[in-house]
1. Please give the calculated 222 nm ellipticity per residue for the chain, where each DSSP H segment of at least 4 residues contributes -39500 (n - 2.57) and the sum is spread over every residue; nearest 500 deg cm²/dmol?
2. Anyone know which of Gln222, Gln282, Gln304 comes out most mobile in the 10 Å Cα GNM of the chain?
3. Relative contact order of the chain: what whole-number percent is it, with Cα pairs under 8 angstrom and at least 6 residues apart?
4. Quote to one decimal, in nm, the extra length available between Glu149 and Asp178 on full extension: 0.36 nm per residue of separation minus the C-alpha distance between them.
5. Efficiency by 1/(1 + (r/R0)^6): what FRET value for Glu89 and Arg332, r their Cβ-Cβ distance, R0 = 25 Å, to the nearest 0.05?
6. Report the residue, chosen from Ile13, Ile159, Ile107, that carries the largest GNM mean-square fluctuation when the chain is represented by alpha-carbon nodes joined by springs under 10 Å.
7. Suppose a student asked you for the relative contact order of the range 216-355, using Cα pairs under 8 Å spaced at least 6 residues apart; what percent would you report?
8. Can you bin the range 159-208 into rounded, prolate or oblate? Criterion: square roots of the alpha carbon gyration tensor eigenvalues sorted a ≥ b ≥ c, rounded for a/c under 1.5, prolate for a/b above b/c, oblate for the rest.
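Read the figures in this text as sums done on the coordinates, not as results from a lab. All values derive from a computational prediction rather than experimental measurement. Cβ coordinates were reconstructed from backbone atoms using ideal geometry, including for glycine residues, and neighbour counts include every protein chain displayed.
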Amino acid sequence: MANLLITGGAGFIGSHTCLVLLQAGHRLVVLDNFANSGPEALRRVAELAGLDGWSTSGSGSWATADRRLTLHQGDVRSRRDLDPLFAAEPIEGVLHFAGLKAVSESIEQPLHYWGVNVAGSVSLLKAMEAGNCRTLVFSSSATLYGHPERVPIAEDAAIRPINPYGQTKAAVEQLLADVAASQPGWRLARLRYFNPVGAHPSGRIGEDPLGTPTNIFPLLSQVALGRRPVLQVFGHDWPTVDGTGVRDYIHVLDLAEGHSAALALLLSEAPQLLTLNLGSGQGHSVLELANAFAAASGREIPLQHSARRPGDSAISIADPGAAERCMGWRSRRGLAEICRDGWAWQQANPRGYGT
Ligand code: UD1
């Protein structure tokens with residue numbers, strides 16, 4: 001059992017990871033500014049973990065009766081928000097999910113992206129140093145690989161981000177390498193996510209993007225529900241099995257379990273800098289995904305072929321071998337399960353959490 005700080009823990013990947021960490025017996029302090037989330041996700045996480053008495057103290061803080069899960073509204077860029085969390089009790093490890101992730105927005109607002117993703121990480125690392133905590137699991141992204149030269153993509157592939165969002169992830173990865181090299185004792189993991197999708201099978205927690213989604217899975221769910229008329233298929237002339245883009249879709253619970261495994265490894269081994277892909281190793285085209293979702297939902301998914309989306313690449317598939325060798329983790333849930341669980345969430349929560 002460890003005392004952990006989870007930044008961005010109310011978001012899609014953060015909330016699923018909080019549940020897995022609670023089920024592994026840890027005690028969690030969550031910091032989230034609700035830029036793309038709200039407290040409701042964690043109320044449901046507490047419920048799924050069997051924790052009672054979720055309530056607010058009224059000043060932007062919530063907790064379960066036993067305080068196994070506490071939530072504070074606050075910002076990673078603010079030492080005034082961070083420092084009290086480290087002062088209140090010893091924190092043994094941090095999982096850092098807080099960040100912005102929309103590619104097109106990052107092109108329009110690079111200062112905002114560098115501020116939240118990079119300056120936010122610097123602020124967190126300074127607070128960790130001051131609070132004597134040197135264990136961190138960082139949410140990185142396969143977006144670092146840009147247009148990969150070959151697939152599946154191993155961790156030693158070239159880092160060539162093609163947009164400001166990717167640049168911020170590359171910058172934080174470099175920052176962590178510099179910190180690890182600066183003094184011994186840091187236990188750091190850089191986890192490169194492929195395409196996280198799906199939801200908890202209970203249908204109680206899932207992805208709730210603010211405004212119009214840009215990623216395919218929430219768009220697909222909304223088309224199945226009838227909230228959108230068609231799914232635009234970006235490009236039919238990619239050099240792939242059916243001409244549509246191929247991605248490595250990974251169930252969010254598999255991803256959450258990957259975080260739990262990485263944390264366990266960091267806490268049990270000598271200090272190290274771990275760099276791992278978290279993907280399934282399987283590629284699926286847009287048409288395959290749409291067909292699987294239609295089968296899982298029993299709904300028709302009208303498709304409309306349109307031009308390639310600028311900045312897209314043909315194929316992205318992880319080589320997940322290193323994660324299996326290092327920490328015995330691999331994804332266990334396939335495309336049918338991803339679509340079944342995503343659909344259960346969307347059907348039960350047509351407007352997300354309603355926040
Ligand atoms: C995108 C980002 C990536 C980020 C990830 C998670 C780009 C270029 N990449 O990945 O940096 O880490 O989201 O937030 O934005 N597609 C359609 N129709 C749609 C939407 C998508 O056909 O309406 C296709 C895309 O062309 C692609 C696949 O579906 O082939 C997956 O797209 P998406 O879910 O946006 O993820 P990525 O582009 O892989």
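1. On the way: 12 runs with 131 residues, N = 355.
Helix-only estimate at 222 nm: -11000 deg cm²/dmol.
2. Of Gln222, Gln282, Gln304, the most mobile in the Gaussian network model is Gln304.
3. It comes to 18 percent, rounded to a whole number.
4. Here the answer is 7.8 nm.
5. It comes to 0.15.
6. Evaluated over the chain, the most mobile residue of the options is Ile107.
7. 37
8. oblate
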